[in-house]
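What follows is a single structure, written as structure tokens, with notes after it.
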Amino acid sequence: MKFNDIPGHKRAKTRIREMIDSNRIPHALLIEGSSGIGKFMLARAAAQYIHCENHRDGDSCGTCPSCVQHQTFNHIDTRFVFPIVKGKLKDPVSDDYIVEWREYLSKNPFMDFQEWLKALDSLNSQPCIYASESDKLTHDLNFTSHKARYKVVLIWLPERLQEAAGNKMLKLIEEPHDDTLFILVSNNSKEILPTIYSRTQRIELKRLSDEEVAVYLQNNYSLESTDALAVAHLAEGSIIEATNALSLSKERQRFLELFMSLMRLAYQRRVKELKDWASDVASLGREQELRFLNYCQRLIRENFIYNLNVQELNYMNRDELNFSKNFARFVNERNVVRIIDELDSASVDISGNGNGKIVLFDLAVQMIILLKS
Ligand SMILES: [Zn+2]
């Protein structure tokens, strides 16, 4: 991770760079702020910059052996400490989850905590940092030799240190080895043990501006600038919020396409293609099939309302409205209730473990009849 890969935070980047360049790096640096703004990226960029053998223009080079190790989360003198679950382990430490962690980091640079829960396969538990972690760290820092001038320990979410772990960690931070740097990254620094908090030098990151979020979306998701700004505006400076909103709108787009092809094929009575359509939808998996059927019900209602010519009652986006201009006349008082009922019973069948392909093909055939009435 290079400083340049991180959106915004110009002042914080300069401050960290100056600390490193002048060799006045605090032994414990805390980066605090709300989630989804790139705090952990900044911590990673700092560690990479510290270890880079060839930095230039105020950033790490990205190509020296050290940088390559950093970019693959394999740097020999960099340690990650993060919240985990106990599972069947007796003395759990972060390293037990290093495979999941590397995959998570590569896909979630903005550190969506929900995604970490999924990676741990523990949506219903509260991960934390255990005392066994502090013990192992103490041992390793004492006995492991190293290559670089500094060993860097990156601690994600120190607010999740169990008390015993925190007290042991405090010792390490209070009486640091000359060659060890701690960088802590917190979403909620009020919850950090006060003894640890007071030992750190702190950098607070502000939320990203709407423009910074929008530029990030344009660069990474090839959005038009007005669309990117519209999404950014609702995300309140968080890239996590913005990308979540984006994947929801992507799903809605996909659902609209499936809805349109169902209606077109049913109208043209193309039974063979309707069979393929049913297989396509069935391949989404049950949860998404159910959301799709729900979406169809909503769109049928919207189209019925569209015929009443009361625009302020319509809640459709631009693409949905475009389709409805031609389609709405096929939804009328003779068939609307029956179409909704068919969609409803398809949902019930699929929730009850019915075979998606068969249920959806049945639905498609019913639609041929219903569109003609
Ligand atoms: Zn380098």
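Please go through segment 21-49 and pick out each residue that is crowded, with 17+ Cβ neighbours inside 10 Å, within 16 Å of the ligand (Cβ to nearest atom) and either over 27 Å from V213 (Cα atoms) or hydrophobic (A, V, I, L, M, F, W, C) (or both).
If the condition is that a residue be crowded, with 17+ Cβ neighbours inside 10 Å, within 16 Å of the ligand (Cβ to nearest atom) and either over 27 Å from V213 (Cα atoms) or hydrophobic (A, V, I, L, M, F, W, C) (or both), then A45, A46, A47 are the ones that fit.
Quickly run through segment 269-289 and pick out the residues that are modelled with pLDDT under 95 and either closer than 19 Å to S373 by Cα or more than 29 Å from the chain's Cα centre (by Cα) (or both).
None; the set is empty.
From the set of residues in segment 164-208 that are of a type in the set (A, V, I, L, M, F, W, C) and assigned to a helix (DSSP H, G or I), which is nearest to M19 (Cα to Cα)?
By that ranking, first place goes to I173.
Please go through segment 75-95 and give me each residue that is surrounded by fewer than 17 Cβ atoms within 10 Å (Cβ to Cβ) and either assigned to a helix (DSSP H, G or I) or within 8 Å of the ligand (Cβ to nearest atom) (or both), ordered by number.
Residue satisfying the conditions is D95 alone.
From the residues in segment 50-74 that are within 17 Å of P109 (Cα to Cα) and not β-branched (V, I, T), which one is nearest to the ligand (Cβ to nearest atom)?
Looking at the filtered set, the residue picked out is C67.
In segment 21-53, what residues are in a loop (DSSP other than H, G, I, E, B) and either outside the structural domain of V152 (by TED's automatic domain parsing) or free of Cβ contacts under 8 Å to residues at least 12 places away in the same chain (or both)?
S22, N23, R24
From the residues in segment 117-152 that are aromatic (F, W, Y) and modelled with pLDDT under 95, which one is surrounded by the fewest Cβ atoms within 10 Å (Cβ to Cβ)?
In the first step, residues of segment 117-152 are kept if they are aromatic (F, W, Y); the result is 130, 143, 150.
With modelled with pLDDT under 95 added as a condition, the list becomes 143, 150.
Working: F143: 7, Y150: 18.
Result: F143.
If we scan segment 196-212, do we find a residue that is at pLDDT below 95 and among the polar types (S, T, N, Q)?
no
Taking helices (runs of 4 or more DSSP H) that do not extend beyond segment 228-340, which have at least 3 residues that are within 26 Å of N355 (Cα to Cα)?
In segment 228-340, the matching helices (runs of 4 or more DSSP H) lie at 239-267, 271-282, 286-306.
Are there any pairs, at least 6 apart or on different chains, whose C-beta atoms fall under 6 Å, with the first in segment 108-128 and free of Cβ contacts under 8 Å to residues at least 12 places away in the same chain and the second exposed (fewer than 12 other Cβ atoms within 10 Å of the Cβ), and if so, which?
Matching pairs, first to second residue: L117/L123.
Residues of segment 141-175 being in contact with a strand residue (DSSP E or B) (Cβ under 9 Å, 6 or more places away or on another chain) and aliphatic (A, V, I, L, M), which ones?
If the condition is that a residue be in contact with a strand residue (DSSP E or B) (Cβ under 9 Å, 6 or more places away or on another chain) and aliphatic (A, V, I, L, M), then L141, A148, V152, V153, L154, I155, L157, L161, A165, M169, L172, I173 are the ones that fit.
For segment 1-13, which positions are without any contact (Cβ under 8 Å) to a residue 12 or more places away in the chain and among the polar types (S, T, N, Q)?
Result: no residue meets the conditions.
Would you check if there is a residue in segment 213-230 being farther than 29 Å from M316 by Cβ, touching a strand residue (DSSP E or B) at 6+ places or on another chain (Cβ under 8 Å) and either outside the structural domain of N317 (by TED's automatic domain parsing) or not aromatic (F, W, Y) (or both)?
no
Where the second residue is near the ligand (Cβ under 6 Å from one of its atoms) and not in a loop (DSSP other than H, G, I, E, B) and the first is at pLDDT 95 or above and lies in segment 56-69, which pairs have Cβ atoms under 6 Å and are six or more apart or on separate chains?
If the second residue must be near the ligand (Cβ under 6 Å from one of its atoms) and not in a loop (DSSP other than H, G, I, E, B), the pairs left are S60/C67; C61/C67.
The values are calculated or read from the model by the stated rules, or taken from the named source; none is laboratory data. None of these values were measured; they are calculated from a predicted model. Note: ideal-geometry Cβ built from the backbone for every residue, glycine included; neighbour counts use all protein chains shown.
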